[in-house]
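Reviewing the structure listed below.
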Amino acid sequence: MSLLAEMNQKALNLGLPISVHFDITYRCNERCVHCYLDHDDHGEMTTAEILDVLEQMADAGVFFLSLSGGEVLMRQDFFEIVERARQLLFNVKVKTNGVMIREKEAARLRQLGIEQVQISVYSHRPEVHDAITKLPGSLKRTIQAIRFLKAQGLKVVLANVLMVGNFSDQQGVIALAKELGVSYTLDPTITPKMDGDRSILALRIPGTDLKQIFQNQELVGNVEEFCAPPPPPGEDIMDGFPCSAGHTACYISPYGDVFPCVQFPLPSGNVRQQKFLDIWRHSPQLNEVRSIHARDLPTCSTCAHVGTCTRCPGLAYMEGNMRGPSTADCEKSFQRTGIPSANMLRQTGAAYAGPLIQIQALANSTPDHVF
Amino acid sequence: MAEKYIARSKAIAARLVGGEMMVMSAADSTFFTLNEVASAIWQAADGRTPLAEIVAAKVCQEFEVDPEQAQRGADRFVDELSQHGILLVSDQPLLDSSPSPEHP
């Protein structure tokens, strides 16, 4: 076990929130077609409120702090927030589109000693990237920002959200990341909007494209190992938790709402009304999330993929049941291994168990009903 | 022998987790956990107190360790952390360092 994994385990044992994703604004200068946020300002926390929350988080034991949005630089106090976060010795990662980062901002981020900057890039072609962000010239400015940050010696990760409109540009983005000398990460997950609107799910890439990703050695390493059928789950798997949401990690919105994760919109408290640590320790919602083990999942506990699935409890919650399956992850498990999930078999039994049903139907049917 | 002064780098992240100090260098993402003795030295690294004084006050007294053994251990610890830029070392006081971490 790595040192980091040991510390995560220790935080889990001690009930510490070691990681927090903090969206400091939902305002943005881009209007990405797949974005799940409402960009209007409905009453963001003030500078003083945010600085106070940072202190509370440091007292509570938070170490990894992701500052995100919206576009973080839309806040005029962004650098004041980062400066305080670094004084409090957080490991700070910043997620941004980079459009507002020039030499001066890059130098300031370097001076403040942040760990990493993650920048969204959707394509190496301006006509595709800018069509997704709906901000003309955005790719050019984003690439300039990456160069400014690299020139300062900062670690930059290029994050490539894949959707139907940019899937074919994935290799181009990988090549761009190489040319810029930055890391590359992809995310094929499109999530429903925070208000429950599911229309943007139409942008999700189809399963066949997912399969192509899972068989790309450059992305997954050993393809045979990555796509291998799941081993039978042991007791440790059945007693385990799906992810860190609510266990060692949580999410705070610009309005002070606390959720188990940015992808898990279960309201669990508000730092304007309660201390962060009180919410973390005593929120009934967070405690309910913590109480759920793999064996408590009605469908997923019977699934062959239970030990290896990337099941997101937040996406399951958005589908109506935090103990239920997340169909996007069922699809991933299926495309990765070729083995349908328990949820797929339950929902579309006839389709997946087709041959057996057909034999039964033929035997019991008159010739008129065969076709 | 010249005095040795140590100060915590500003390019680190740190937090005390269950008695152990987690430290990560922003420069190379190296991750360290410090035990109680190392944490005591790290927290006392204010850039103004000589290492020998820190060892005498924070290690020998609080952990009842033989002075020579404690000094050797402290020197090794300081060497290793300084190689990763987590501690700054000088034979002069490091005046630009903060007196103590606010939230280790």
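The values are calculated or read from the model by the stated rules, or taken from the named source; none is laboratory data. If you're wondering where the values come from, they're calculated on a predicted model, not measured in any experiment. Glycine gets a Cβ as well: all are built from the backbone with ideal geometry, and neighbour counts include every protein chain shown.
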Qualifying position, being part of a strand (DSSP E or B), away from chain A (no Cβ under 14 Å) and at pLDDT 90 or above, among B:Arg48, B:Arg15: B:Arg48
Residue in the stretch A:22-42 that is surrounded by 22 or more Cβ atoms within 10 Å (Cβ to Cβ), under 20 Å from A:Gln116 (Cα atoms) and of a type in the set (A, V, I, L, M, F, W, C) present: yes
Every residue from the stretch B:18-38 that is of a type in the set (Phe, Trp, Tyr) and more than 7 Å from every other protein chain (Cβ to nearest Cβ): B:Phe32
Among residues of the stretch A:2-20, those that are more than 10 Å from chain B (Cβ to nearest Cβ) and among the hydroxyl-bearing types (Ser, Thr, Tyr), counted: 1
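Among the candidates B:Ile41, B:Ile54, single out the residue that is under 30 Å from A:Pro17 (Cβ atoms), in a helix (DSSP H, G or I), more than 14 Å from every other protein chain (Cβ to nearest Cβ) and β-branched (Val, Ile, Thr).
Details: B:Ile54 fails: under 30 Å from A:Pro17 (Cβ atoms).
Matching residue, one of B:Ile41, B:Ile54: B:Ile41.
Return yes or no: is A:Gly70 within 14 Å of another protein chain (Cβ to nearest Cβ) and small (Gly, Ala, Ser)?
No; evaluated as a whole, the condition is false for this residue.
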Identity of the residue in the stretch A:264-299, polar (S, T, N, Q) and touching a Phe, Trp or Tyr at 6+ places or on another chain (Cβ under 8 Å), that ends up surrounded by the most Cβ atoms within 10 Å (Cβ to Cβ): A:Ser268
Residue count for the stretch A:272-289, restricted to those that are more than 17 Å from A:Asp59 (Cβ to Cβ) and assigned to a helix (DSSP H, G or I): 6
Residue pairs meeting the criteria (Cβ under 6 Å; at least 6 apart or on separate chains; first under 19 Å from A:Ser19 (Cβ atoms) and without any contact (Cβ under 8 Å) to a residue 60 or more places away in the chain, in the stretch A:270-298; second among the hydroxyl-bearing types (Ser, Thr, Tyr) and surrounded by 14 or more Cβ atoms within 10 Å (Cβ to Cβ)): A:Ser283/A:Ser268; A:Gln285/A:Ser268; A:Leu286/A:Ser268
Residues (farther than 21 Å from A:Asp187 by Cα, touching a residue at least 24 places away in the same chain (Cβ under 8 Å) and in a strand (DSSP E or B)) located in the stretch A:245-258: A:Ile252, A:Val258
All positions within the stretch A:90-148 that are among the acidic types (Asp, Glu) and within 14 Å of chain B (Cβ to nearest Cβ): A:Glu115
Residues (β-branched (Val, Ile, Thr), in contact (Cβ under 8 Å) with a residue 40 or more places away in the chain and within 14 Å of B:Phe77 (Cα to Cα)) located in the stretch B:22-44: B:Val23
Count of the stretch A:90-105 residues which are closer than 23 Å to A:Leu54 by Cβ and surrounded by fewer than 23 Cβ atoms within 10 Å (Cβ to Cβ): 4
Given (1) away from chain A (no Cβ under 14 Å); (2) at pLDDT below 85; (3) under 13 Å from the mean Cα position of the chain (by Cα), number of the condition B:Arg76 does not satisfy: (2)
Tally of residues being part of a loop (DSSP other than H, G, I, E, B), within 14 Å of chain A (Cβ to nearest Cβ) and of a type outside the set (Gly, Ala, Ser) across the stretch B:1-12: 1
Selected residue (only one of A:Gln56, A:Gln87 is without any contact (Cβ under 8 Å) to a residue 24 or more places away in the chain, within 14 Å of chain B (Cβ to nearest Cβ) and either surrounded by fewer than 21 Cβ atoms within 10 Å (Cβ to Cβ) or over 19 Å from the mean Cα position of the chain (by Cα) (or both)): A:Gln87
